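The structure appears right after this line, and notes come after that.
The values are calculated or read from the model by the stated rules, or taken from the named source; none is laboratory data. As the structure is a computational prediction, the values presented were derived from the model and not from experiment. Cβ: placed from backbone, ideal geometry, glycine included. Neighbour counts: every protein chain shown.
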Amino acid sequence: MAQLAFNRGLADPSQLEPFLAADERLSADPFLLPDMHQAVSRVYRALLSGENIAVYGDFDADGITATALLVQGLGFLEGRPIPYIPSRLGEGHGLRTGVLRQLREQGISLVITVDCGVTGVVEVQQARRTGLDIVITDHHTPLDEVPPAVAVVDPKLPGSKYPFSELAGVGVAYKLLQALLRSVGQERYLDSLLDLVALGTVADMTPLLSENRYLVKRGLEMLNAAPRLGLREMINQARLTVGSVASENISWVIAPRLNTASRMDHALPSYELLMTESPERAQELAAWLEKKNAERQELTSKATARAREQVEEQGILPLLMVGDESYPAGIAGLVAGRLADEFYRPTVVVGVGRRTSTGSCRSIPEFNIIDALSHCSDLFTRFGGHAQAAGFVMPTRYLPALREKLLETAAIELDGVDLRPRLDIDAEVALSDLAGETYQSIQKLAPFGQGNPLPTFLSRGVEVVECRTMGNNGDHLRFKLKKGDITWDAVGFGMGGDQPKTSALLDVVYNLEIDHWSGQMMLRLNLLDFTVVG
């Protein structure tokens, strides 16, 4: 445990207790966020005078949960805001002038954005001319010019005094609601919304450090103690267990299903799932998402195979850029992520249209993709994102110029960098060291995620007692591994093509996890890599 803590930057013993407790001491004053006083003042004016309010979200899990949180939270203050979530396939990320105009024509006088808006300079300028006020809550990196909104609440704004800049979009929306409720002594409502904060924060892969650690830990407690109807139904249909949902389950099971709606159709079914109070509707929506998720997985596998062929035809360059008319916008980011993991290169996947093309980018820690796109900003109709995930829309005729510029930037910045994926191992241990209370002790460091990864161990010279393939296509391996008189079950996902012989000796790298298969709970090793040593 001392080694694990040290590896996570907790060398000073005084840091360890707050990290393990992950309590309210990690939560900062919401009024330290830029423009929070202006935002609270404008929202309360709208509530007190009965103005029509819209919450303008984004279509990924962070934006969906943020929209649900603010709509539900303003309801505690007698507000009746309407949600607006754009279409991934038809509208894309960010504010749209046409949508803002339509909202104004419907009688909306205040729009509150969540998980978007900080780069919408032109859109906000045009909205102001129509008499529409906008309060922006966002967590993305702003451009050099900040939109002329009533308030721009974003911890990444220059000059921000907020002590933690890595809140998710749902986290910033939560802080606005916290400020609103604190002003009238109604903070008791906040706990009921922390499940949404945990979902969006983990799904958006923000670092689970500082305040995010507190928000996710408390949110998981709420999610497991009393999940809302839609989430309970999704958990059941995904064969998870209410009461033992962890951050890893959000990353690999819940978030992909919430995101499936916008990838395959529109995000509104996922939003409705989070908001419904009808058991029948919850069951119907969860079943629809389960079906669409299976379709999305199949579509992604086929598109990834096609993209891999394109990469191999081009050769393995410092930056990978593939595209044609066959890549659906909804899965391009997933394909880019898989290629970036496999080839360990920043990757751009483009759905090429006759006049307009849409790109999704995924990167590696050594290459800031949003900075690279910023150097090409004159080519885009719009773009945005983070250091390792971004997207853009642009005229198709500019694609060759974009490819040239990105490859030039990558060649310079990655020159001399060892572009091989790396596993950071916390400690070398014997299989016998993992017995007893070891797993329970490790869980004190949870929740795990970005910035606080699952502990990774190395054990040497373990014997393969049994090994067989599993999965529909034999893509995965199931092991029994032994060292001395200790035997462990283990799985190796995606390792079906590397099956070792029985009695072989392996050095193995793995996480320790609980297998919930068939209602049973058993500890096992989740292999990340292995090599045959004898």
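Annotations
- Among the conditions (1) in contact (Cβ under 8 Å) with a residue 24 or more places away in the chain; (2) part of a loop (DSSP other than H, G, I, E, B); (3) surrounded by fewer than 24 Cβ atoms within 10 Å (Cβ to Cβ); (4) not aliphatic (A, V, I, L, M), Pro158 misses just one, which is (1).
- Considering region 405-437, and only residues there that are without any contact (Cβ under 8 Å) to a residue 12 or more places away in the chain and among the small types (Gly, Ala, Ser), the residue that is surrounded by the fewest Cβ atoms within 10 Å (Cβ to Cβ) turns out to be Gly416.
- Restricting Ala261, Ala238, Ala225 to residues that are closer than 30 Å to Gln15 by Cβ, among the small types (Gly, Ala, Ser) and either in contact with a Gly (Cβ under 9 Å, 6 or more places away or on another chain) or not assigned by TED's automatic domain parsing to the domain that holds Ile331 (or both) narrows the list to Ala225.
- Filtering region 167-208 to residues that are surrounded by fewer than 19 Cβ atoms within 10 Å (Cβ to Cβ) and not in a helix (DSSP H, G or I) leaves Val184, Gly185, Gln186, Met205, Pro207.
- Residue within region 62-76 that is of a type in the set (Asp, Glu), surrounded by fewer than 21 Cβ atoms within 10 Å (Cβ to Cβ) and assigned by TED's automatic domain parsing to the domain that holds Gln38 present: no
- Test result for Ser441, modelled with pLDDT of 90 or more and either under 30 Å from Glu298 (Cα atoms) or not in a loop (DSSP other than H, G, I, E, B) (or both): yes
- Any hit, region 350-372, residues being more than 25 Å from Pro256 (Cα to Cα), in contact (Cβ under 8 Å) with a residue 24 or more places away in the chain and of a type in the set (Ser, Thr, Tyr): yes
- The sole residue among Val124, Val153 that is out of contact with any helix residue (DSSP H, G or I) (no Cβ under 6 Å at 6 or more places or on another chain), assigned by TED's automatic domain parsing to the domain that holds Thr65 and at pLDDT 95 or above is Val124.
- Hits in region 105-141 (condition: surrounded by fewer than 18 Cβ atoms within 10 Å (Cβ to Cβ) and not aliphatic (A, V, I, L, M)): Glu105, Gln106, Gly107, Ser109, Gln125, Gln126, Arg128, Arg129, Thr130, Gly131
- Residue count for region 438-495, restricted to those that are aliphatic (A, V, I, L, M) and either surrounded by fewer than 19 Cβ atoms within 10 Å (Cβ to Cβ) or touching a residue at least 60 places away in the same chain (Cβ under 8 Å) (or both): 9
- Test: residue in region 490-502 that is assigned by TED's automatic domain parsing to the domain that holds Thr456, under 26 Å from Pro453 (Cα atoms), hydroxyl-bearing (Ser, Thr, Tyr) and over 32 Å from the mean Cα position of the chain (by Cα): no
- Test: residue in region 255-271 that is under 21 Å from Leu167 (Cβ atoms), of a type in the set (Phe, Trp, Tyr) and touching a Leu at 6+ places or on another chain (Cβ under 6 Å): no
- Between Thr469, Thr502, the distinction of being outside any strand (DSSP E or B), touching a strand residue (DSSP E or B) at 6+ places or on another chain (Cβ under 9 Å) and among the β-branched types (Val, Ile, Thr) belongs to Thr502 only.
- Being modelled with pLDDT under 95, closer than 24 Å to Glu342 by Cα and touching a strand residue (DSSP E or B) at 6+ places or on another chain (Cβ under 9 Å) is true of Glu248.
- Complete set of residues in region 11-27 that are surrounded by fewer than 15 Cβ atoms within 10 Å (Cβ to Cβ) and either within 11 Å of Glu211 (Cα to Cα) or not hydrophobic (A, V, I, L, M, F, W, C) (or both): Asp12, Pro13, Ser14, Gln15, Glu17, Asp23, Glu24, Arg25
- The residue pairs whose first member lies in region 322-339 and is within 25 Å of Trp252 (Cβ to Cβ), whose second member is among the charged types (D, E, K, R) and buried (at least 20 other Cβ atoms within 10 Å of the Cβ), and whose beta carbons are closer than 7 Å, counting only pairs six or more residues apart or on different chains, are Ala329/Arg88; Gly330/Arg88; Gly330/Arg263; Ile331/Arg263; Ile331/Arg296; Gly333/Arg362; Ala336/Arg362; Gly337/Arg362.
- Failed condition for Leu10, given (1) in a helix (DSSP H, G or I); (2) more than 30 Å from Leu268 (Cα to Cα): (1)
- Whichever residue in region 353-379 is surrounded by fewer than 16 Cβ atoms within 10 Å (Cβ to Cβ) and not hydroxyl-bearing (Ser, Thr, Tyr) and, among such residues, is nearest to the chain's Cα centre (by Cα): Pro365
- Some residue of region 154-169 being among the aliphatic types (A, V, I, L, M) and more than 30 Å from Val253 (Cα to Cα): yes
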